[in-house]
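*Asks:* Attaching a single structure in structure tokens format; questions to follow.
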Amino acid sequence: MRIRTLIMLLRLVVMLASATVRAPRWRAPSREAHTIVRELGAADTVSWSVQTSGIDTNLRGVSATGSIDSNGTEHIAVWACGSNGVILHSNDLGKTWKRLHVAGGDALDFRSIVAFDAKNAFLMSSGKADKSRIYKTTNGGENWKLEFTDSREAFFLDALACDGECYALSDPIDGKFVIVATHHYEDWKELPSDGMPAAFPGEGAFAASGTSLAVNNDAGMYFGTGGGKAARVFHSADLGKTWSAVETPIASGSASSGIFSISSTTYAVNVVGGDYKDQNRPYRVAAYSQDQGKTWRLAAQQPGGYRSAVASVDGATLTAVGPSGEDVSDDFGVHWKHTDSLDLNAVFVLDDHNAWAVGAKGTIARLVNRKQYLIRNDSGKDDSTLAFTSSIK
């Protein structure tokens, strides 16, 4: 944690000092005379290793949580969800997975899941009216309780996010986007819409990864839109009481284009998207803001095509995933580099060495992060490559 913080601070200082100078990479100390230290860029250090695939589903949501037991041992639980009512749960870093079921929910399209520990999680499905639902489990997914749904035809949940409380985003009803929220993680209710700007004709949010909404611990909320004349970011600094809406340079103007995912950190707000009907077009796909969403700039070096999800790995480093591949940025989203060619929809980062992404045909991939350096001995052998195997129970 200390090394990660130092890396973040060093990069931030250099970035602020000069927009044209790249931050120096942190070097690992040499402990033996025969050890060679080779600096690596983010594209060399971050990649994805497939753990399992072949399930008859398109996985759309993923979450992970860690806890430490009385013996000081860390335990990490990973959850995933997708179409055809699929819910998966792993308690061994994704080596094995257990399939879970919601009673009467085998036809639901689960787009987002937020886990609190190995036992407790919220689960969101997307669809018109009462096909959009929020469920809760308190026993590791053995049972699920319906927490919220809505019978209005225009109600369509796109994203679920938690930080202090939980919030879910719906497409506009009567011309305004809808936010529903918990109180002490219970009692879901729709927030008043008085402070919400009107939606453009055709404007909505995208549920491709369930991450078009982001919340952070300074009372800030953001969500991204598309489908209208402009791709906009809505921002609230008071947890949904009042909102502002700012146009971004992300691809727009069609029902299939706009912002699909948003990430908010202390240093930047990042959005990715594009046009899901033109997945290989690497233009107007990624943008960033360094003033809490007031102004936006396109990334100077774009990802390789439409991207459906973005997440922060360690503050400065971000990863983006999509059907045509994955990319990484090590300068807060200003420049992106291609890393992999997996067909992935959603990504969740627990910490800089524990992250998962999910996608088509039940694909689950785990982050392989060799950080800022690679240590090799004289023989040139590299022991930093990680291999993973998995099975579905």
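*Asks:* Output the number of residues of the range 196-251 satisfying the condition of being among the aliphatic types (A, V, I, L, M) and within 17 Å of the chain's Cα centre (by Cα).
*Replies:* Qualifying residue count, the range 196-251: 8.
*Asks:* Might you check whether a residue that is closer than 17 Å to Val347 by Cα and among the basic types (Lys, Arg) occurs anywhere in the range 91-106?
*Replies:* no
*Asks:* Still on this model: Let me confirm something: among Ala316, Ala320, which residue is touching a Lys or Arg at 6+ places or on another chain (Cβ under 8 Å), of a type in the set (A, V, I, L, M), open to solvent by less than 30 Å² (accessible area, probe 1.4 Å) and in a loop (DSSP other than H, G, I, E, B)?
*Replies:* Being touching a Lys or Arg at 6+ places or on another chain (Cβ under 8 Å), of a type in the set (A, V, I, L, M), open to solvent by less than 30 Å² (accessible area, probe 1.4 Å) and in a loop (DSSP other than H, G, I, E, B) holds for just one of Ala316, Ala320, which is Ala316.
Yes/no per residue for (1) of a type in the set (Gly, Ala, Ser); (2) on the phi > 0 side of the Ramachandran plot; (3) open to solvent by less than 10 Å² (accessible area, probe 1.4 Å):
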residue	(1), (2), (3)
Ala245	yes, no, no
Ile250	no, no, yes
Gly253	yes, yes, no
Thr266	no, no, no
Tyr288	no, no, no
Ala309	yes, no, yes
Ser312	yes, no, no
Ser324	yes, no, no
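*Asks:* Restricting to the range 132-153, name every residue that is open to solvent by less than 50 Å² (accessible area, probe 1.4 Å), among the hydrophobic types (A, V, I, L, M, F, W, C) and without any contact (Cβ under 8 Å) to a residue 40 or more places away in the chain.
*Replies:* none
*Asks:* Report, by residue number, each residue of the range 173-210 that is part of a strand (DSSP E or B) and in contact (Cβ under 8 Å) with a residue 60 or more places away in the chain.
*Replies:* Of everything in the range 173-210, just one residue is part of a strand (DSSP E or B) and in contact (Cβ under 8 Å) with a residue 60 or more places away in the chain, namely Ile179.
*Asks:* Another one. Filter the range 181-222 down to residues that are among the polar types (S, T, N, Q) and more than 30 Å from Thr57 (Cβ to Cβ) and give me whichever is surrounded by the fewest Cβ atoms within 10 Å (Cβ to Cβ).
*Replies:* Of everything passing the filter in the range 181-222, Asn217 is surrounded by the fewest Cβ atoms within 10 Å (Cβ to Cβ).
Per-residue answers, yes or no, for (1) part of a loop (DSSP other than H, G, I, E, B); (2) touching a Ser or Thr at 6+ places or on another chain (Cβ under 6 Å); (3) within 29 Å of Gly325 (Cα to Cα); (4) modelled with pLDDT of 85 or more:
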site: Leu9; (1), (2), (3), (4): no, no, no, no
site: Thr20; (1), (2), (3), (4): yes, no, yes, no
site: Thr57; (1), (2), (3), (4): yes, yes, yes, yes
site: Ala64; (1), (2), (3), (4): no, no, yes, yes
site: Gly72; (1), (2), (3), (4): yes, no, no, no
site: Val78; (1), (2), (3), (4): no, yes, yes, yes
site: Cys81; (1), (2), (3), (4): no, no, yes, yes
site: Gly85; (1), (2), (3), (4): yes, no, yes, yes
site: Asp92; (1), (2), (3), (4): yes, no, yes, yes
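*Asks:* Given the criterion open to solvent by 40 Å² or more (accessible area, probe 1.4 Å), basic (Lys, Arg) and closer than 23 Å to Val180 by Cα, identify the matching residue among Lys241, Lys229.
*Replies:* Residue meeting the stated conditions: Lys241.
*Asks:* Name the single residue, out of those in the range 99-112 being open to solvent by 10 Å² or more (accessible area, probe 1.4 Å) and assigned to a strand (DSSP E or B), that is nearest to Ser261 (Cα to Cα).
*Replies:* That would be Arg111.
*Asks:* When you scan the range 117-131, do you find a residue that is buried (at least 18 other Cβ atoms within 10 Å of the Cβ), among the aliphatic types (A, V, I, L, M) and either without any contact (Cβ under 8 Å) to a residue 40 or more places away in the chain or in contact with a Pro (Cβ under 7 Å, 6 or more places away or on another chain) (or both), even just one?
*Replies:* no
*Asks:* When you look at Val46, is it open to solvent by less than 40 Å² (accessible area, probe 1.4 Å), β-branched (Val, Ile, Thr), under 29 Å from Arg370 (Cβ atoms) and at pLDDT 95 or above, yes or no?
*Replies:* Here the answer is no, as Val46 does not meet what is asked.
*Asks:* Here's another thing I want to ask about it. Within the range 164-172, is there a residue that is in a loop (DSSP other than H, G, I, E, B) and closer than 23 Å to Ser264 by Cβ?
*Replies:* The answer is yes; a qualifying residue exists.
The values are calculated or read from the model by the stated rules, or taken from the named source; none is laboratory data. What you see is a predicted model; the values in this text were computed from it and never measured. When we count neighbours, we look across all protein chains shown, and the Cβ atoms used for this are built from the backbone with ideal geometry, even at glycine. Side chains included, ligands, DNA and RNA excluded: accessible areas come from the protein's heavy atoms. Shrake-Rupley method; radii C 1.70, N 1.55, O 1.52, S 1.80 Å.
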